[in-house]
Every structure is written in C-alpha cells, then in structure tokens.
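Worksheet: one structure, shown below.
Values quoted throughout were computed directly from the atomic coordinates according to the rules given, and no laboratory measurement underlies them. All figures in this text were calculated on a predicted structure; none of them were measured in a lab. All Cβ positions, even for glycine, are placed from backbone atoms using ideal geometry, and neighbour counts span all protein chains on display.
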Amino acid sequence: MSDKKPMHPDTKLVLGGRRKEWLRGMVNVPVSRTSTILFDSVEEIHAAYPPEDGRLSYGRNGTWTQWSLAEALTDLEPGAAGTRLFPSGSAAVSIALTSVLGPGDELLMVDSAYGPTRHFCDRELKRLGIATRYYDPVATPEELEAMISDKTRAIFMESPGSLTFEVQDVPAICAMAKKRGLTTLLDNTWATSFFFPAIAKGVDLAIVACTKYISGHSDLMMGAVTAAPSHWERLSRTGRSFGQYVSPDDAYLAARGLRTLGVRLRQHELGAVKVAHWLKDQPQVERIIHPAFADCPGHEFWRRDFLGSSGLFGFALKGGGDAARDRLVESLELFGIGYSWGGFESLAVPAEPDPIRTASKRDYGGPLVRLHVGLEDPDDLIADLAQALAIHPAS
Ligand SMILES: Cc1ncc(COP(=O)(O)O)c(C=O)c1O
C-alpha cells in the first residue's frame, strides 16, 4: 500500500497488500500454489537470492498470496518494517523468542502468558540454556526494572493476559526496556494491531495468533510477527532458517478474514460488553474480568492505549465449586465448549489459571469461566446464560 497518504485502519484493512502487480485485475490476490519457481536463465536464478518478499525464489519463500497478507498486517502497524507468517500462533511466539535469545541469556516472561508459551520457555528455552523468570502482570515498570540482571536480554508481555486479563503498561515497559538495551515482545492476539498498534507503542516484536480474530472464521491455524526496523532482519533470518512457511490456501483465507476485521471486532466488542454488563448484575456472579471494566487490573492502561475491546473476557461465579461451574458451562446451548476463540461463534470454557501461574496466583472469589462472545445477537446469548445460571447453587 502507498505510504504517502495517511489512512484510517478500516481503509488499510481494505487496501492492504493489494498491489496491482499481485492482483492482475482481480479484487483479491489469487492463491498461487507452488514449490518450484522456474527461471529463464542461470543469471535469473542467481538474482532471486537472497530470498525476500516480493521476489519469487522458491515455494517456501512464498508467492504474492503470502506476501500480500504479510504486507497488509504490516500496514496496520505504523513504524513496522515487516511481518513474517508462521503456521500457528505458538510457532510465531517460539520463533520470535528464538530470534532474540541465545545460551546464557535470561528472559523476563509475564506470568499471565498463554500456557503453551510458558511451556516453550520452561522446556525448550531451558534446554537451550536460556533461563526464564516470571513477573506479575501488574508489576510496574520500576518493579520490572529491578528484576533485570546482566543476563536479561528480553521482556515478553501479553496484554491483556490469558485467562485473567490484566492489562500491562506496555509503552512504559518498552521505554524502560529500550533504556536498558532489552528487546520487547508482545502477544497482541486479544486486541490485534487494529485495537492496539503495538510497534508504535514501542514494542520490538508484535505477535498475533491469526488463528483468532485475523482469520475470524475458526477454519485455519496461523501466526504472525510484525517487527520494528531494529528487529526485522533477525526475525526474517530466524524464520527462514527454521523453514517456517504457511500454505497459500491458508494465507488467502486469512487475508479474506482480515478485510472484515474492523466490523467484526467492533461487533464482538458490543456483544461482549453487553453480555458482561448483564452478567455483572446476576446474583450468581462474583465479578467480571474484562479490561473495559474499571476493576480489571490495568484498566487505566486499556482506557489510555487501546482503541477497543474484543469478545473475550472472564467471570467468577459466586461459590459453587468447580463441578457446579462445569455443569453450568455444559448447560449452555449457544456457547460451544472449545479452546481457541476469535471466530464468529460464541464459546465457553472453564478457566483454571492456577496450575500455570507462579508469580501471580489470585483469589477471584469463585470458579472462573472464560467466554468468547461471537457475532450472535447478544440478547440470545444473555437468555442462554440466564437459563444456565438458574441451575447454579448460588441462585
Ligand atoms: C493469547 C494467545 N496467544 C497465542 C496462542 C496460540 O495460537 P495458536 O493456537 O494459533 O498456536 C493462543 C491460542 O489460544 C492464545 O490464546
């Protein structure tokens, strides 16, 4: 897309990655499947290397189908140098971390990170001689700075955190990290760069599981890392060295999802806020855990930095125990029981953060449920929740 005219994010969603030479007269960049690229001469094949987006070299290095999606994602992040695609959100997290860490280094990891992110640190990074220390997601930049040792190389944030939705002061943490020469990484899956353009807030490597809102239709797995100029070369090199690749079919579907990200996210937001406000007033509900609610840890950072809230939040039941919570989840008819989120459909799962927390175990007053509010009419979802809550012991 042209960098010349400033454009609003919704316009970028429509135009991003749709270069004329890739469209060839069509509205969408076509799916081009290939392994081998054929050249007319040895000179041409040599000129195709080193590989870079926009230059055909070999199937693994992509065609316009993948480049176009990557470019559209970069366009949503003012100040970014580029985006690399990965076969899942978890692959994006692990390669981004691997691109900045080496033996003897130490990583400061937020305690509210997505479970498999934590497992990657505790198993694979440890095996490579990289130590991980966990910090409380409500830690101030000063408290975080006090944890830095001469081995610390990077700070990983996830904001809001998985399951417990604490919002971090990302700009202040990034400013502190820059001063100390550390790399910052952010799992930005909840907000996406549409609601939180992370590179402009100071993040070096902004990660999003495209499996969720970017694709938006629960039909593919993908991740993306968008890099600040200082981190682009290294991210690209590491991604290529690890042979990371996404299929053109998935890239096409993700790009199709991306075009409607804005309207979908705003609808998810409206639905989730309406459902959450209704839940807050129910006698069986102890509390809501939603970044847009004033009592959510870090709510002030959400209000200051984010352009909206998405469809994922949690609530704590008033007592009842885990078995009653599980019965409630099972008695919902419009909410599927399943991991993942970000698709058009509503989901509910029991949330159990304690087993994957070491620095921030908290008492929420009752068992937790995580809801993903999809694109159904929120009044129907409320009616469904009402019938399920009616069987809860606190009724
Ligand atoms: C916050 C967050 N980050 C990363 C991931 C990983 O994405 P994927 O499932 O595509 O590997 C998930 C998946 O649920 C997630 O919730």
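Simple spin-label model, 7 Å along Cα-to-Cβ: L38 to D281 in nm?
In this crude spin-label approximation the distance works out to 6.8 nm.
How much FRET efficiency would the formula 1/(1 + (r/R0)^6) give for L270 and I391, where r is the Cβ-Cβ distance and R0 is 22 Å, rounded to 0.05?
0.20
If you average the C-alpha positions of the range 299-325 and of the range 78-135 separately, how far apart do those two centres end up, in angstrom?
Using only Cα atoms, the two centres lie 25 Å from each other.
Based on Cβ point charges of +1 for Lys and Arg and -1 for Asp and Glu, what charge dipole magnitude is obtained for the range 262-389 about its Cα centre, in debye rounded to the nearest 20?
So the magnitude is around 480 debye.
Leaving out same-chain residues fewer than 8 places away, which aspartates and glutamates sit with a Cα under 12 Å from that of K179?
E145
Taking loop as defined by DSSP and a crowding limit of 12 other beta carbons within 10 Å, which chymotrypsin sites (Phe, Trp or Tyr not before Pro) in the range 219-276 fit?
For chymotrypsin sites (Phe, Trp or Tyr not before Pro) across the range 219-276 that sit outside H, G, I, E and B with at most 12 neighbouring Cβ atoms in 10 Å, the list is empty.
Compare the Cα positions of L186, G161, F313 along the charge dipole of the chain (+1 at Cβ of Lys, Arg; -1 at Cβ of Asp, Glu; about the Cα centre) and return the one farthest towards the positive end.
L186
Nearest 20 debye, what's the magnitude of the dipole of the range 17-70 about its Cα centre given +1 on Lys and Arg Cβ and -1 on Asp and Glu Cβ?
360
To the nearest 0.05, what FRET efficiency results for I45 and L23 with a Förster distance of 35 Å applied to their C-beta separation?
It comes to 0.85.
Is there a quick way to get the dipole size of the chain? I mean about its Cα centre, with the Cβ of Lys and Arg at +1 and of Asp and Glu at -1; what is the value in debye to the nearest 20?
With only Lys, Arg, Asp and Glu charged at Cβ, the dipole is about 820 debye.
Find the relative contact order for the chain and round it to a whole percent, using C-alpha pairs within less than 8 Å whose residues are 6+ positions apart.
17
Compute the label zone of E124 within the range 224-250: residues whose backbone N is under 18 Å from the point 7 Å along Cα-to-Cβ.
The answer is 224-226, 234-247, whose backbone nitrogens lie closer than 18 Å to the label point.
Pairs to check: K151/K361; K12/K201; K12/K212; K126/K151. Give those whose C-alpha atoms are more than 24 Å from each other in this structure.
K151/K361
Please compute the modelled spin-label separation between R240 and T358, points set 7 Å along Cα→Cβ, answer in nm with one decimal.
3.6
Going toward the positive end of the dipole of the range 38-185, with +1 on Lys and Arg Cβ and -1 on Asp and Glu Cβ, which of L125, V110, S99 do you reach last?
Checking the options against the dipole of the range 38-185, the answer is L125.
Could you work out the percent of alpha carbon pairs in the range 9-259 separated by over 34 Å, rounded to a whole number?
Within the range 9-259, distances greater than 34 Å cover 17 percent of Cα pairs.
For E330 and S57, what is the calculated FRET efficiency with R₀ set at 51 Å and r taken between the beta-carbons, to the nearest 0.05?
After rounding to 0.05, the efficiency reads 0.50.
What is the antiparallel percent of DSSP beta bridges lying wholly in the chain, to the nearest 5?
Of the beta bridges lying entirely in the chain, close to 60 percent run antiparallel.
Is the C-alpha gyration tensor of the range 351-395 telling us rounded, prolate or oblate? Criteria: a/c under 1.5 is rounded; beyond that, a/b larger than b/c is prolate, otherwise oblate.
The shape class here is oblate.
Pull up all non-local amide H partners of V285: gap of 5 or more, or a different chain, and H-to-H distance under 5 Å with H placed in the peptide plane.
Sorted by chain and number, the residues that satisfy this are K318.
How many angstrom separate the Cα center of the range 163-239 from the Cα center of the range 347-392?
Between the Cα centres of the range 163-239 and the range 347-392 lies a distance of 26 Å.
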